[in-house]
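Undergrad: My questions will all concern the structure given below.
The values are calculated or read from the model by the stated rules, or taken from the named source; none is laboratory data. Note that this is a predicted model, so its numbers are computed, not measured. Cβ coordinates were reconstructed from backbone atoms using ideal geometry, including for glycine residues, and neighbour counts include every protein chain displayed. Accessible surface is based on the protein model in full, side chains and every heavy atom, while ligands, DNA and RNA are left aside. Shrake-Rupley method; radii C 1.70, N 1.55, O 1.52, S 1.80 Å.
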Amino acid sequence: MAAVLRIENLSKAFKLGFIPRTKEILRGISLSVDSGEIFGYLGPNGAGKTTTLKCVLGLIFPDNGLIEIFGHPHLSLEGKERIGYLPENPYFYEYLTAAEFLDFYAQLFGLRKKGREEKIRSLLRLVGLEKTRGLQLRKFSRGMLQRIGLAQALVNDPELLFLDEPLGGLDPLGRKEVRDIIIRLRQEGKTVLLCSHILQDIEMICDHVAIIVSGKIISQGALQDLISEKILFTEVTLSGLAFDELISLGEPLWARGEKIFLRVLHEENIEKLTVLVHGRKGKIHSLVPRTETLEDIFVGMVKQE
Amino acid sequence: MKIKAIAINTFREAIRDRVLYLLFFFTVVALLFSRLLAMLTVGDRVKIIKDVGLASISLFGMLMAILIGTGLVYKEIDKKTVFTLISKPIQRWQFLLGKFFGLVLTLFIMTVLMSLIFIVIVFLHTSKIEGRLLLAVLFIFIELVLITAVAILFSCFSTPILSSLFSVSFYLIGHFSWGLETLLLKTKPGPTKVLLQGIYALLPDLENFNFKTEAVYGLAVQPKFYFYSALYGIVYTFFILMLAVLIFKKRDFV
């Protein structure tokens, strides 16, 4: 697949303080995003995720490095015509209504009046804000601002979307809706670069990830390659046995009525446990193997760095 | 198209700003007050109305240009609305020009409204519409356009309070720099005169747009003076806008 975004050896430093001191924010970032994938860009606060995005979008000028969007230099209008961007904690023109706001952004892409009206209607429907089209943005809640922000990012039907913390500030239902929209966008053939702290969401929807720590990418690749299939431990809920009898097989964590919750670390103990439960005419209510998650990998890597 | 969209959005922002209405209210009060002053005056009452009226339009127009203009670009950066805008296919100079024209449109409408009230008050006394007064208002507007460009220039790199201070200083210097001309006439040739000439060339001379006295007292003005004053305003505004674009082009939006 062709790379829609290519970043090579990107670096950026800022001068901070009264007596200026140089602080390196990005230290030789290189990454490539292929067409049609959801790319997760992870990192702790202050790692340089947003700075990378700002360099790509022409909001700040990198000291070194190369950025290409669809093969065009990143500052060229050809590339910008085909991208959408939702910033972190979006602030918009609060004196505009939702419809006026989207109309303004649609005009920047040269859309004609008739086309704009249809576009606005479909976007408001997509993000579930059709009933608030006449409401000023100053009266919007944080979650509603996030949704209207997503709508403005989609106003030009972009092929590549940059979403900076798109799930921040949303309730569980809102998070699911936005996640579904992102998945639908991938099905439509769009490419999404997603910065997020919410690793479960990234794990659920991303194809590729890159982890950035202190301005350097420490790991990147396909999600299934990063997460191993190895079982870390198994969580078992059972009844019919005493708490003390289980200590040799695992780590009993709690007991509620007859039910005991046990964490079994070694796979060979699972078989011993099932034999024991059957022998004592007990019952296994659930048995859940826990494999390594993106969170485990992320925490491990950040600590290592 | 893109500049127009940004200009119309800026116009929407400005007309929904309460400061604008507050200043407009004070202008109306000042214009009505000129009638009261005229009633207390012995002699030519109409001159007082004309004088106070034109001065009010000029003063409150300047306050509108500075108070709204200095916040326009700064607010976009401070509230981070500039992030989504610059990521769209627009050039930075288009953004800045859009902001400028949006405020110029707002000031144009405000000047027209203030002038209408002014002309009606004068008409009630003289029963005629004087072209000279309209010409004086036109040059007040040209001055406001220049002040808007200055306010936007300062707004590109400093806070609204500082920008307002800088812009008011520009306005004051601009109206007193003609004093340097008098000083130049009295200075003997030498390094001091060269230095003064250099300073005089750099400093704005906003008195070039002041045709109030001529309008009020009916003094004759050669058409070429109108032409040169308008040209001076256009060139100076263009120069200030170029400077603003150069600064804004290199800015990092952190």
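Undergrad: A:Asn89 versus (1) closer than 27 Å to A:Arg175 by Cβ; (2) within 14 Å of another protein chain (Cβ to nearest Cβ); (3) assigned to a helix (DSSP H, G or I); (4) open to solvent by 30 Å² or more (accessible area, probe 1.4 Å): which is the lone unmet condition?
TA: Going through the list (1) closer than 27 Å to A:Arg175 by Cβ; (2) within 14 Å of another protein chain (Cβ to nearest Cβ); (3) assigned to a helix (DSSP H, G or I); (4) open to solvent by 30 Å² or more (accessible area, probe 1.4 Å), A:Asn89 breaks only (3).
Undergrad: Select, from A:Leu194, A:Leu160, the only residue that is in contact (Cβ under 8 Å) with a residue 12 or more places away in the chain and either surrounded by fewer than 16 Cβ atoms within 10 Å (Cβ to Cβ) or in contact with a Cys (Cβ under 7 Å, 6 or more places away or on another chain) (or both).
TA: A:Leu194
Undergrad: State which residue is nearest to the other protein chains (Cβ to nearest Cβ) when the search covers only the stretch B:9-51 and only residues that are β-branched (Val, Ile, Thr), under 28 Å from A:Tyr95 (Cα atoms) and surrounded by 17 or more Cβ atoms within 10 Å (Cβ to Cβ).
TA: Ranking the candidates gives B:Thr10 first.
Undergrad: Given the conditions (1) free of Cβ contacts under 8 Å to residues at least 24 places away in the same chain; (2) in a helix (DSSP H, G or I), report the number of the one that A:Ser248 does not fulfil.
TA: Unmet for A:Ser248, out of (1) free of Cβ contacts under 8 Å to residues at least 24 places away in the same chain; (2) in a helix (DSSP H, G or I): (2).
Undergrad: Kindly list the number of the only condition in (1) farther than 18 Å from A:Cys206 by Cβ; (2) among the aromatic types (Phe, Trp, Tyr); (3) crowded, with 16+ Cβ neighbours inside 10 Å that fails for A:Phe18.
TA: (3)
Undergrad: Additional query: Based on what the data block shows, is A:Asp171 closer than 25 Å to A:Glu118 by Cβ and surrounded by fewer than 20 Cβ atoms within 10 Å (Cβ to Cβ)?
TA: It is false that A:Asp171 is closer than 25 Å to A:Glu118 by Cβ and surrounded by fewer than 20 Cβ atoms within 10 Å (Cβ to Cβ).
Undergrad: Here is a check on your reading of the model: is A:Gly134 within 9 Å of chain B (Cβ to nearest Cβ), farther than 25 Å from A:Arg175 by Cβ, assigned to a loop (DSSP other than H, G, I, E, B) and open to solvent by 20 Å² or more (accessible area, probe 1.4 Å)?
TA: When the stated conditions are applied, A:Gly134 does not pass them.
Undergrad: Let me ask something else. Considering only the stretch B:152-171, I want to know if a residue exists there that is out of contact with any His (no Cβ under 8 Å at 6 or more places or on another chain), without any contact (Cβ under 8 Å) to a residue 24 or more places away in the chain, hydroxyl-bearing (Ser, Thr, Tyr) and farther than 30 Å from B:Ile77 by Cβ.
TA: Within the stretch B:152-171, none of the residues are out of contact with any His (no Cβ under 8 Å at 6 or more places or on another chain), without any contact (Cβ under 8 Å) to a residue 24 or more places away in the chain, hydroxyl-bearing (Ser, Thr, Tyr) and farther than 30 Å from B:Ile77 by Cβ.
Undergrad: From the list A:Ala242, A:Ala255, which residue is open to solvent by 20 Å² or more (accessible area, probe 1.4 Å), part of a loop (DSSP other than H, G, I, E, B) and over 27 Å from A:Gly43 (Cβ atoms)?
TA: A:Ala242
Undergrad: Moving to a separate point now. Filtering the stretch A:23-46 down to residues that are surrounded by fewer than 14 Cβ atoms within 10 Å (Cβ to Cβ) and within 14 Å of chain B (Cβ to nearest Cβ), which residue is nearest to A:Gly215 (Cα to Cα)?
TA: Per the stated criteria, the residue is A:Gly46.
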